[in-house]
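K.L.:
Sharing a structure, written as structure tokens. Questions coming.
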Amino acid sequence: MHREEVVEGSPGGGARFAPGDAALVAPEGLDEMLAALARLGYETSGPTVRGGAVVPGPVASIEDLPAGWHDEQSPGRYRLEHGEDGSLFSWAVGPGSFKPELFPPVHELWQARRDGEGRVEFVAGRGSSRSKKRAFFGARPCELAALSVLDRVLVDCATPDPFYEGVRRGAVLVVAECGAPASTCFCTSMGGGPEAVAGFDLALTELTDGDHRFLVRVGSALGAEVLTLVTTRPVTAADVAAREAVTERARSAMDGRFDAAGLAELLAGNIEHPRWQEVSERCLACGNCTLVCPTCFCSDVRDTTDLSGTVHRTRSWASCFDRDHSYLHGGPVRVSVASRYRQWLTHKLSSWWDQFGTSGCVGCGRCITWCPVGIDMRAEAAAVCSPASPARHDRLAQPEPRRPTGADVPAGAEEKEALP
Amino acid sequence: MSTTRPSLAVFKFTSCDGCQLSLLDCEDELLELARAVRIAKFAQMSRALVEGPYDIALVEGSVTTARDAERVKEIRASSRQLVTIGACASAGGIQALRNFVPAGSYTGVVYAHPEYISSLATSTPISSHVDVDFELHGCPIDRHQLLEVITALLAGRRPVVRGYSVCQECKARGTVCLLVARGTACMGPVTRAGCGGLCPAVGRGCFGCFGPADTVNTGSLAARLRRDGMQARDVARLFKTFNAAAPEFRVQSAAEEAAGEEGRG
Ligand code: SF4
Ligand code: SF4
Ligand code: SF4
């Protein structure tokens with residue numbers, strides 16, 4: 001992927017790079033990199049420790065990065081521990097992704113009011129004022145994969161989301177390849193992996209054998225421009241081998257964790273499987289899984305008025321676990337939690353292919369760790385698709401039952417409704 | 001416009017007054033509100049009293065006396081839209097703990113002269129007595145939600161007040177989950193949003209002030225808390241606070257207490 005030509009060492013930067021080049025950078029070089037991004041006018045978000053987890057936050061220097069922090073993740077559980085090693089990227093993704101930067105949780109789209117003559121006047125909403133020049137520093141390869149999934153949904157469509165597209169086009173992506181996946185990570189099963197392959201400006205691999213250093217690969221002209229401002233030294237064959245050892249170790253730790261082959265068809269053919277009912281007895285319908293997912297894009301657009309008569313149109317994150325998410329005339333369509341869980345899982349792993357030509361899941365594992373009751377979607381998908389539970393197509397062609405039209409759903413109606 | 005302003009009246013039953021105080025708490029919007037509605041009855045703000053009927057009645061507090069039960073019917077009859085505000089009016093409040101014990105058990109503990117007290121055996125929400133147009137939850141309610149409900153009623157639209165879980169507010173504001181990252185007991189997954197995820201944002205598990213969300217699975221949350229080592233009687237206590245008598249919470253606290261007595265907690 002990178003030319004292994006020797007680039008002269010360049011204290012304080014100055015060496016010339018092109019996409020495909022690689023160089024070695026000391027930890028202090030990352031400080032120069034962050035300073036260079038700031039100098040080029042980028043607002044940088046990167047990994048920080050807050051609230052007991054690694055989450056994206058403003059980073060200005062390596063002091064802000066999670067030095068020595070290691071995570072331990074399992075379904076419904078996350079803990080951080082501090083070691084003495086000083087490594088900066090020995091953790092897997094936490095609950096936050098870069099999604100909120102491009103697709104904010106609450107976004108006022110526009111306001112409208114009547115002027116003195118009764119004419120309606122529209123003005124831009126308050127949601128769109130932040131600078132669109134962002135740098136996403138230390139993004140994991142699965143973040144990159146998630147952004148390319150979101151691109152298909154929010155940009156490659158009839159009505160692209162201008163805010164998302166604006167931030168996305170202007171963003172610098174500095175990827176940190178993975179050396180320490182969590183037990184919940186399964187990107188290799190979803191077509192990804194611990195290596196950054198494409199779509200980045202710079203890709204870092206942290207090397208901790210011998211001296212602490214970073215192998216930096218250049219993915220774009222912009223990345224080359226940034227790296228030009230950083231002190232580098234040439235990459236040796238030993239560094240290349242060390243990088244391969246890091247990502248290979250990560251890959252083999254994850255391999256075989258989840259068998260996604262044929263899943264899309266198997267799930268679609270098992271929509272009446274009893275497991276949906278069983279998982280709904282554990283599922284809280286709290287929506288955490290969808291909101292931590294870096295590819296979930298559902299939103300809800302509502303108009304409100306204020307006391308002065310101004311109308312506000314606001315887009316907010318929504319979840320298929322909300323009762324009101326499937327509200328149509330007369331009431332919600334997906335009344336039972338079983339039907340909502342099924343919607344979530346089959347959309348991620350099956351119908352997303354039909355809709356967008358990709359999987360809706362990149363295997364980041366967030367929905368597994370951050371489910372308060374530790375529901376592991378890999379186990380649920382496997383149970384629904386296991387050969388021991390044959391596919392049942394009997395009701396496949398029938399539409400979801402609709403609630404009768406009329407007033408709102410009476411209290412307690414949920415209990416009476418059979419799946420779905 | 002001023003002559004046709006809709007009228008707003010505030011009524012109180014058994015409660016602490018905190019919810020109606022939220023109306024005064026709307027400091028920035030209060031003048032604008034007073035221009036949009038005629039405040040016909042609001043004892044915390046003015047002695048002036050305009051007789052009904054009223055366009056919008058905000059009702060705080062639960063029904064705990066025979067007189068309350070009569071008065072709530074009179075209020076209903078003289079109000080076009082009746083909105084209950086707070087956990088007391090919408091679920092019976094903390095005082096509904098009396099519903100769990102034989103009548104009069106707490107009176108002797110609380111009052112020096114229980115013989116002066118004449119009250120019903122239960123504390124019940126307004127909706128147990130009359131039809132209610134909108135229930136605004138919370139202990140106390142959120143003032144932004146209160147303004148939203150009043151504004152929506154004035155505009156003739158449906159209030160944007162969501163019934164999903166507090167967890168969704170944590171995620172929207174970027175709070176790292178206390179339950180997952182620290183093992184802190186939290187009622188958020190079964191509690192209605194509205195506070196903005198206030199307590200988890202400052203490191204305290206959700207108390208459940210806003211009562212049950214639209215869809216809840218209290219049994220699964222309770223099972224997780226017990227797996228983390230919480231005693232069943234302590235889990236029961238989580239469900240027995242300001243919304244103890246809300247049906248979904250009442251069922252779970254009873255189940256936990258039964259489990260505790262069997263000794264499996
Ligand atoms: S479905 Fe789960 S594992 Fe897949 S991308 Fe979303 S959060 Fe990550
Ligand atoms: S699967 Fe887990 S996180 Fe998702 S709605 Fe159910 S309980 Fe919540
Ligand atoms: S802290 Fe509580 S309310 Fe917030 S996400 Fe976690 S369980 Fe839900």
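All of the numbers you see were taken from the coordinates with simple rules; none came from a lab. Since this is a predicted model, take the numbers as computed values, not measurements. Note that each Cβ is placed from the backbone with ideal geometry, even for glycine, and that neighbours are counted across all protein chains shown.
K.L.:
Starting from the amide H of residue B:7, placed 1.01 Å from N in the peptide plane, find each other amide H under 5 Å away whose residue is 5 or more places distant or on another chain.
P.N.:
B:38, B:55, B:56
K.L.:
With 10 angstrom as the radius, rank A:348, B:41 by how many other C-beta atoms surround their C-beta, starting from the fewest.
P.N.:
B:41, A:348
K.L.:
Another question, then. Within 10 Å of each Cβ in A:276-289, how many Cβ atoms from other chains are there, averaged over the peptide?
P.N.:
Across A:276-289, the average partner-chain Cβ count within 10 Å equals 5.
K.L.:
Another question, then. Measure out, as a whole number of angstrom, how far apart the alpha-carbon centroids of the range B:213-265 and the range B:84-127 sit.
P.N.:
21
K.L.:
For residue A:290, what charge total do you get from the other residues with a beta carbon under 11 Å from its beta carbon, if Lys and Arg give +1 and Asp and Glu give -1?
P.N.:
Summing Lys/Arg as +1 and Asp/Glu as -1 gives +3.
K.L.:
Based on the Cα coordinates of chain B, what is the per residue volume of their convex hull in Å³?
P.N.:
143
K.L.:
Which whole-Hz ³J(HN,Hα) couplings does the range B:43-60 yield from phi under the Karplus relation 6.51 cos²θ - 1.76 cosθ + 1.60, θ = phi - 60°, glycine and proline marked x?
P.N.:
4, 6, 10, 7, 6, 4, 9, 9, 5, x, x, 10, 6, 10, 10, 9, 10, 10
K.L.:
Now a separate question. Based on other C-beta atoms within 10 Å, arrange A:114, B:250, A:342, B:192 from fewest to most.
P.N.:
Going from sparsest to densest Cβ surroundings: A:114, B:250, B:192, A:342.
K.L.:
OK, next. I need the P(r) histogram for the range B:7-155: all alpha carbon pairs, bin width 10 Å from 0 out to the longest distance, whole percents.
P.N.:
12, 40, 32, 13, 3
K.L.:
Semi-axes of the range B:105-178's equivalent ellipsoid from the Cα gyration tensor, sqrt of 5 times each eigenvalue, largest first, rounded to whole Å?
P.N.:
Value: 35, 22, 11 Å, ordered largest first.
K.L.:
Still on this structure, please answer the following. Residue farthest toward the positive end of the dipole of the protein assembly as shown, with Cβ of Lys/Arg at +1 and Asp/Glu at -1: which of B:8, B:207, A:331?
P.N.:
The residue sitting farthest along the positive end of the dipole is B:8.
K.L.:
Continuing with the same structure: What is the distance in Å between the Cα centroid of the range A:64-119 and that of the range B:1-62?
P.N.:
The two parts, judged by their Cα centres, are 40 Å apart.
K.L.:
By DSSP, what percent of the beta bridges with both residues in the range B:7-155 are antiparallel, rounded to the nearest 5? Before the final figure, lay out the partial values.
P.N.:
Numbers: 3 of 20 bridges.
Looking only at bridges with both residues in the range B:7-155, the antiparallel portion is about 15 percent.
K.L.:
State the antiparallel share, in %, of DSSP beta bridges confined to the protein assembly as shown, rounding to the nearest 5.
P.N.:
Roughly 65 percent of the beta bridges in the protein assembly as shown run antiparallel, per DSSP.
K.L.:
Going toward the positive end of the dipole of the range B:7-155, with +1 on Lys and Arg Cβ and -1 on Asp and Glu Cβ, which of B:107, B:145, B:54 do you reach last?
P.N.:
B:107
K.L.:
Quick one: if you take sqrt(5λ) for each eigenvalue of the C-alpha gyration tensor of the protein assembly as shown, what semi-axes come out, biggest first, whole angstrom? Can you show the working numbers first?
P.N.:
Values: eigenvalues 506, 176, 121 Å².
Semi-axis lengths for the protein assembly as shown are 50, 30, 25 Å.
K.L.:
Cα-Cα over 32 Å: which of A:99/B:240; B:171/B:240; B:41/B:171?
P.N.:
A:99/B:240; B:41/B:171
K.L.:
Order by neighbour count: B:100, A:122, fewest other Cβ atoms within 10 Å first, most last.
P.N.:
Ascending Cβ contact count within 10 Å gives the list A:122, B:100.
K.L.:
Let me ask something additional. Determine the principal axes of the Cα atoms in the range A:119-161, then give the extent along each, sorted from largest to smallest and rounded to whole angstroms.
P.N.:
So the three principal-axis extents are 50, 25, 11 Å.
K.L.:
Here's a follow-up. List the residue ranges in chain B for DSSP H helices whose C-alpha atoms run 15 angstrom or more along the long axis and whose Kyte-Doolittle average is 0.5 or above.
P.N.:
B:143-155
K.L.:
Return P(r) of the range B:1-94 (all Cα-Cα pairs; 10 Å bins starting at 0; whole %; ordered from short to long distances).
P.N.:
Calculated P(r), rounded to whole percents: 17, 48, 30, 5, 0.
K.L.:
Among A:52, A:68, A:142, whose Cα sits farthest toward the positive end of the charge dipole of the range A:29-149 (+1 at Cβ of Lys/Arg, -1 at Cβ of Asp/Glu, about the Cα centre)?
P.N.:
Farthest towards the positive end: A:142.
K.L.:
Can you give the charge dipole size of the range A:137-237 about its Cα centre, rounded to the nearest 20 debye, using +1 on the beta carbon of Lys and Arg and -1 on the beta carbon of Asp and Glu?
P.N.:
Once rounded to the nearest 20, the dipole reads 80 debye.
K.L.:
How about residue B:12: which aspartates and glutamates have a C-alpha closer than 18 Å to its C-alpha, ignoring those fewer than 8 places off in the same chain?
P.N.:
Once the sequence-local aspartates and glutamates are set aside, what remains near residue B:12 is B:25, B:51, B:55, B:60, B:68, B:70, B:74, B:131, B:133, B:135, B:142.
K.L.:
Amide H of residue A:327 versus every other amide H placed in the peptide plane: which residues, excluding those fewer than 5 positions away on the same chain, fall under 5 Å?
P.N.:
For residue A:327, whose amide H was placed from the backbone, the distant partners under 5 Å are A:333.
K.L.:
Would you mind working out the magnitude of the charge dipole of the protein assembly as shown relative to its Cα centre, with +1 at each Lys and Arg C-beta and -1 at each Asp and Glu C-beta, to the nearest 20 Debye?
P.N.:
Computed about the Cα centre, the dipole is about 1620 debye.
K.L.:
I would also like to ask the following. Bins of 10 Å, beginning at zero and ending with the bin holding the largest distance: percent of Cα pairs per bin for the range B:203-264, please.
P.N.:
23, 58, 18, 1
K.L.:
Further question on the same structure: What number comes out for the charge environment of residue A:224, summing +1 per Lys or Arg and -1 per Asp or Glu over other residues with Cβ under 12 Å away?
P.N.:
Cβ neighbours under 12 Å give a net charge of -1.
K.L.:
Net charge near residue B:99: determine it from the other residues with C-beta under 11 Å of the C-beta of residue B:99, scoring Lys and Arg +1 and Asp and Glu -1.
P.N.:
+3
K.L.:
Please build a GNM for chain B, connecting alpha carbons under 10 Å apart, and tell me which residue among B:220, B:79, B:90 fluctuates the most.
P.N.:
Largest GNM mean-square fluctuation: B:220.
K.L.:
If you place +1 on the Cβ of every Lys and Arg, -1 on the Cβ of every Asp and Glu, and leave all else neutral, what size is the dipole of the range B:7-155 about its Cα centre, to the nearest 20 Debye? Provide the component values of the computation, followed by the final result.
P.N.:
Values: 12 positive and 18 negative charges, 89 e Å.
Computed about the Cα centre, the dipole is about 420 debye.
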